[in-house]
1. Within region 377-388, count every residue that is surrounded by 21 or more Cβ atoms within 10 Å (Cβ to Cβ) and part of a loop (DSSP other than H, G, I, E, B).
2. Go through (1) modelled with pLDDT under 95; (2) open to solvent by less than 40 Å² (accessible area, probe 1.4 Å); (3) part of a helix (DSSP H, G or I) and name the single condition V36 misses.
3. Mind checking which residues of region 359-371 are under 16 Å from the mean Cα position of the chain (by Cα) and within 27 Å of V336 (Cα to Cα)?
4. All but one of (1) open to solvent by less than 20 Å² (accessible area, probe 1.4 Å); (2) modelled with pLDDT of 75 or more; (3) in contact with a helix residue (DSSP H, G or I) (Cβ under 7 Å, 6 or more places away or on another chain) hold for D291; which doesn't?
5. For residues in region 151-171 being open to solvent by less than 30 Å² (accessible area, probe 1.4 Å) and of a type outside the set (K, R), which is modelled with the lowest pLDDT?
6. Kindly indicate whether P188 is over 23 Å from F281 (Cα atoms) and outside any helix (DSSP H, G or I).
7. Just to be sure, is Y303 in contact with a Gly (Cβ under 9 Å, 6 or more places away or on another chain), part of a helix (DSSP H, G or I), modelled with pLDDT under 85 and within 30 Å of W342 (Cα to Cα)?
8. Within region 137-147, is even one residue touching a residue at least 12 places away in the same chain (Cβ under 8 Å), under 30 Å from L76 (Cβ atoms), buried (at least 22 other Cβ atoms within 10 Å of the Cβ) and hydroxyl-bearing (S, T, Y)?
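The values are calculated or read from the model by the stated rules, or taken from the named source; none is laboratory data. Just so you know, these numbers come straight off a predicted model, no measurement behind them. Cβ atoms come from the backbone with ideal geometry, glycine included; neighbour counts cover every protein chain shown. With ligands, DNA and RNA removed, areas are computed over all heavy atoms of the protein, side chains included. Shrake-Rupley method; radii C 1.70, N 1.55, O 1.52, S 1.80 Å.
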Amino acid sequence: MTDVLSASSAENLTSAQIRGRAYMSAVASKVFVAVVWIWVFSGGLVFFEPSLYEVLFLLTLGMMVAVRMPLFPSTLPLLGLIIPFTIFATIAAFQVRHAPLTDALIFNAVTIYLFLTSFFVANFIADAPEKRLAVIRNAYVAIAIVSAAIGILAYLRLMPNADMFLRYDRAKAMFKDPNVYGPFLVLPAMMVLRELFFQRKGQLVSGAIVLLIMLGVFVSFSRAAWGHFAASAFLVFVLCFLLEAKARIQVRMLTIAIIGSILVVVMLAGLLSVPEVREFFELRTMSQDYDTGESGRFGRQGYAFDLALDHPLGLGPTEFTYLEISEQPHNTYVTVLHGYGWGGGLIYYFLVALTFWRGLIGLRDPERRGLLIPVFAVFIPLALQSAIIDTDHWRHYFLVVGLIWGITAHSAPPGYSGLTRKRTQTSTA
């Protein structure tokens, strides 16, 4: 009798332990998702370096290990790129002659760190594409609304300490530079725009969000950001129209496009009716002195490329500012050769090409196409924009890369396939 009771108690204890572990696992998963939400949201809070985004990523990695987040085979090439890139970038950092070695090492460490965020995001999304992308989407849209509102209010001088959120009379919100703040807002706007085309309810709210973010981009007075927003919006419309929408939705999209265009024209006309805004707009749309001439942006790029060809191990990051032309060439595809050597530069090129290829092939998947279109429509202009501005330290650039790899990650890790999940669910039922 005693033996029977002991066995029964042991069985009950084991059952309780299983339930307890399952409960703790569920709680840890929810906390993990919440941490990721906060991490993505903090991407718009860049008052100092290292930013909260970098600090929170350490916590995110710790949570990833704690919840045993799986790694997907089709994302492993990203890790395969990071490892040799780290080696080449470290070698290149030691090539500096004028810049402090510590600054060079820190600069390249940041690039490697951001590279790693792409790998994390790819696996986070691949685990449950729709649910996980919704987490990142909600956090990103939230911080974009906050950033755009601050940028607009600061530019119009409708908030206290407005100068804190401006640079050269251009909105920068909680970023250091308007040229980063503007492009940062494009992805969340495109996500909401794609939803606007297909949703039956809440269209007014979605439309208001897109217009608010677009106005936030406008007051950055970044020509690259303006072009980026316009090009991405065009790509989202075309890809949705041709690949996703049926006839009824196509009519709705055309109607939304016409109404939206009218609203944009009216809104911009209202802004440009203010003399100060109109003068600044005209100034920004004119050819700038730093774009032309031998020492202008494009002249510097030729000089920088010639230097890159003469230094296979690289010059070291920031070393260019100590040479004949002190201002940076603002061309990522040249500066990566300087900062990370030929090896690191080629890996960076391969990252861009492979990400584009995965996005292009991923459009053939009808199940994930809707998730991919806004992200891919943002990546293409970003990759082109990198030829006129430095993007290798843009947090949202690596986030976009990770999203594309995660959405297109079809291969599941061992023991984590849809079949395995199905069997588990069946046995539980």
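1. Count: 1.
2. Single failed check for V36: (1).
3. Listed by number, the list holds a single entry, G359.
4. The one condition D291 does not meet is (2).
5. Taking the candidates together, the pick is A162.
6. Against the criterion (over 23 Å from F281 (Cα atoms) and outside any helix (DSSP H, G or I)), P188 does not qualify.
7. no
8. Scanning region 137-147, I find at least one residue that is touching a residue at least 12 places away in the same chain (Cβ under 8 Å), under 30 Å from L76 (Cβ atoms), buried (at least 22 other Cβ atoms within 10 Å of the Cβ) and hydroxyl-bearing (S, T, Y), so the answer is yes.
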